[in-house]
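A short worksheet on the structure shown next.
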Amino acid sequence: MRCLLSFLLAVCFLSALVQSLHCPEKSEINVTCDKAGTQKYTLIGSKYYFVGESKVNWFNAVHICRRYGGDLATIQNATEMHAISTYLISLHYDANRWLWISGNDLVTVRNFHSIATGMPLTYFNWSAGQPDYPNLEHCMHLWLKGAEFKMNNWQCNEKAFYLCERQNDARCWDGF
Ligand SMILES: [Ca+2]
């Protein structure tokens, strides 16, 4: 009897171990923050995002994303850009659906940084002729141009929808 119990415990332990090693990513997660309620994020490519359904200026979009455990999206490479564009098109988002993202050159004109990471942006997918109006348009958004969503700079106090990305809980750590 004791042997059988030990055997069963061992099986349980091993199956739990295997399960923890094989951890399939969920297609959606629910994030709950204090007083802000629960926000559903959807896996798009390798990150979780949600699209804001209200039109707000860029500064307010920064606040709203953070309130729900996210940041305005920082698109870091062509793979992420393509995944987001494909997803937005699958939702039938059209050329009227402009979405704020994290890039801005509010500090130094033409030196775009992410408000989420504080780092200079290294990937851009500007639409033709962008960025323009260097002293007027300091905040970045996505818009549908032709067959895909691309980047534009626009006036930060204008109102648009927004794309939030789940915050990385382990963004920084002690290295000393
Ligand atoms: Ca522009």
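The values are calculated or read from the model by the stated rules, or taken from the named source; none is laboratory data. Not measured: the values here are computed from a predicted model. FYI the Cβ positions are ideal-geometry reconstructions off the backbone, even for glycines, and counts take in every protein chain you see.
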query: Which one is nearest to residue 59 (Cα to Cα) among residues in segment 145-155 that are near the ligand (Cβ under 10 Å from one of its atoms) and not hydrophobic (A, V, I, L, M, F, W, C)?
result: 155
message: Condition first: of a type outside the set (Gly, Ala, Ser) and either under 18 Å from residue 149 (Cβ atoms) or touching a residue at least 24 places away in the same chain (Cβ under 8 Å) (or both). Now tell me which residues in segment 44-61 satisfy that.
response: 44, 47, 48, 49, 50, 51, 53, 55, 56, 57, 58, 59
task: Return the only residue of 84, 89, 64 being in contact (Cβ under 8 Å) with a residue 60 or more places away in the chain, surrounded by fewer than 16 Cβ atoms within 10 Å (Cβ to Cβ) and aliphatic (A, V, I, L, M).
output: 89
field: Enumerated helices (runs of 4 or more DSSP H) restricted to segment 1-101, each holding at least 1 residues that are under 30 Å from residue 112 (Cα atoms), modelled with pLDDT of 95 or more and under 13 Å from the mean Cα position of the chain (by Cα)
entry: 58-67, 78-90
message: Based on this model, can you work out whether residue 158 counts as within 15 Å of the ligand (Cβ to nearest atom) and surrounded by fewer than 18 Cβ atoms within 10 Å (Cβ to Cβ)?
response: yes
query: In this structure, is residue 77 closer than 20 Å to residue 47 by Cβ and either within 16 Å of the ligand (Cβ to nearest atom) or free of Cβ contacts under 8 Å to residues at least 60 places away in the same chain (or both)?
result: yes
message: Against the conditions (1) within 17 Å of the chain's Cα centre (by Cα); (2) without any contact (Cβ under 8 Å) to a residue 60 or more places away in the chain; (3) under 24 Å from residue 51 (Cβ atoms), where does residue 106 fall short? Just the number, please.
response: (1)
- line: Within segment 94-117, residues being buried (at least 21 other Cβ atoms within 10 Å of the Cβ) and either aliphatic (A, V, I, L, M) or within 16 Å of the ligand (Cβ to nearest atom) (or both) number 8
Residue ID - farthest from the ligand (Cβ to nearest atom), chosen from residues in segment 118-144 that are within 15 Å of residue 160 (Cβ to Cβ) and outside any loop (DSSP other than H, G, I, E, B): 144
